[in-house]
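Just so you know, all these numbers are worked out from the coordinates, no wet-lab data involved. This one's a predicted model, so the numbers in the text were calculated from it and none came from an experiment. Counting neighbours? That spans all protein chains shown, and the Cβs are built from the backbone with ideal geometry, glycine included.
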Amino acid sequence: MSVTTTRRIRVEPLSCAIGAELLGLQLGDAVRDDALFADIRALLLAHKVLFLRDQTISRADHVAFARRFGELEDHPVAGSDPDHPGLVRIYKTPDAPPDRYENAWHTDATWREKPPMGCVLRCVECPPVGGDTMWANMALAYDRLPEHIRQQIAGLRARHSIEATFGAAMPIEKRLALKAQFPDAEHPVVRTHPETGEKVLFVNSFTTHFTNFHTAANVRCGQDYTQGGSALLQYLISQSAIPEYQVRWRWKPNSVAIWDNRSTQHYAVMDYPPCHRKMERAGIMGDTPF
């Protein structure tokens, strides 16, 4: 795959399915340059995740750049930078509990009624080896489903839960309070990207169950409902793990990733204890999936 150029940006695709590295620019310049930002936005829609190295960007410019896509949101569990609202600090340290886990394949915050449209993530500190992040193209995952599966899931909807994920390790009072603040959201299993029109497979590790599977078309007896629906959901969730849909990025300090949360999933690989891994993420508010 070759390097292409658009205006002042050199673009190097990193896989056949998803992801490109942008060369020859600083994101801080795009805060004040409308044409440059427009190029970046168009490239994001085309490649779904963009990567940059050696970004000497301040926290203020990090937030200002992300805000060009839309308003930013904090996270109810992860801490934010006190001086820069919307800049979530994802800091992993060697003194963390040894039994903690890092991640699963997911689309950020689908437990919200309006999940983020995208994120801008900067590496502050990382181990010399390990701690990579992977992304998967969920529009391609949908396109390559068997036709009978696409037909079966065309009208299905599903629940997404913060209580069953972030809340699972909390004391029951905190978990129930979290659910009261963020009731389970319901989204289509196949969403339409609002800018590209692509169909996107939109279930992930936050998804607990289908909400309209139990119909005469799908269910002959109770076993069809409980096991048939669960098996289908797990099959759909597993599509993100197919390597042909993925790209993997090796972090270095001052590297940045920008991704379209509407058409991707990602996975932070936990293979780096006892090292530090410090990331800062600006999440951009999105719209209601349809």
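Quick notes on this structure:
- Over the C-alpha trace of the chain, radius of gyration and Dmax come out as 19.3, 61 angstrom.
- Percentage relative contact order, the chain, counting C-alpha pairs under 8 Å, at least six apart: 34 percent
- Amide hydrogen neighbours beyond the local backbone of residue 262, cut-off 5 Å, H modeled: none
- Hz values of 3J(HN,Hα) by residue in the range 106-116 - Karplus curve (6.51, -1.76, 1.60), Gly and Pro given as x: 7, 9, 4, 6, 6, 6, 8, 4, 10, x, x
- Protection proxy ranking of 75-84, 254-263 - average other beta-carbon atoms within 10 Å, highest first: 254-263, 75-84
- Length available on full extension from residue 221 to residue 104: 0.36 nm per residue minus the Cα-Cα distance, which gives 38.9 nm.
- With a cut-off of 15 Å on the backbone N, the residues of the range 28-64 near the modelled label site 7 Å out from residue 12 along Cα-Cβ are 50-55.
- Residue exposure proxy: 123, 221, 275, ordered by other Cβ atoms within 10 angstrom of their Cβ from fewest to most, comes out as 221, 275, 123.
- Taking θ as phi - 60° and the Karplus parameters 6.51, -1.76 and 1.60, the scalar couplings of the range 272-277 work out to 10, x, x, 8, 7, 8 Hz in sequence order, x denoting glycine and proline.
- In degrees, nearest ten, helix 172-181 long axis to first principal axis of the chain (Cα): 80 degrees
- Nearest 10 degrees, 0 to 90: helix 34-47 Cα axis against the chain principal axis: 40 degrees
- Short-range pairs are left out: with C-alpha atoms under 8 Å and at least six residues apart, the relative contact order of the range 138-240 is 32 percent.
- Counting lysine pairs in the chain whose alpha carbons fall under 18 angstrom apart, excluding pairs fewer than 8 residues apart on the same chain, gives 6.
- All-pairs alpha carbon distance profile, the range 136-220, 5 Å steps from 0, percent: 3, 13, 19, 19, 17, 12, 10, 6, 1
- DSSP beta bridges confined to the chain are antiparallel in about 95 percent of cases.
- Between the range 265-286 and the range 19-93, the alpha-carbon center distance in angstrom: 14 Å
- Distant-in-sequence amide contacts of residue 131, defined by a placed amide H-H separation under 5 Å and a gap of 5 or more residues or a different chain, comprise 271, 272.
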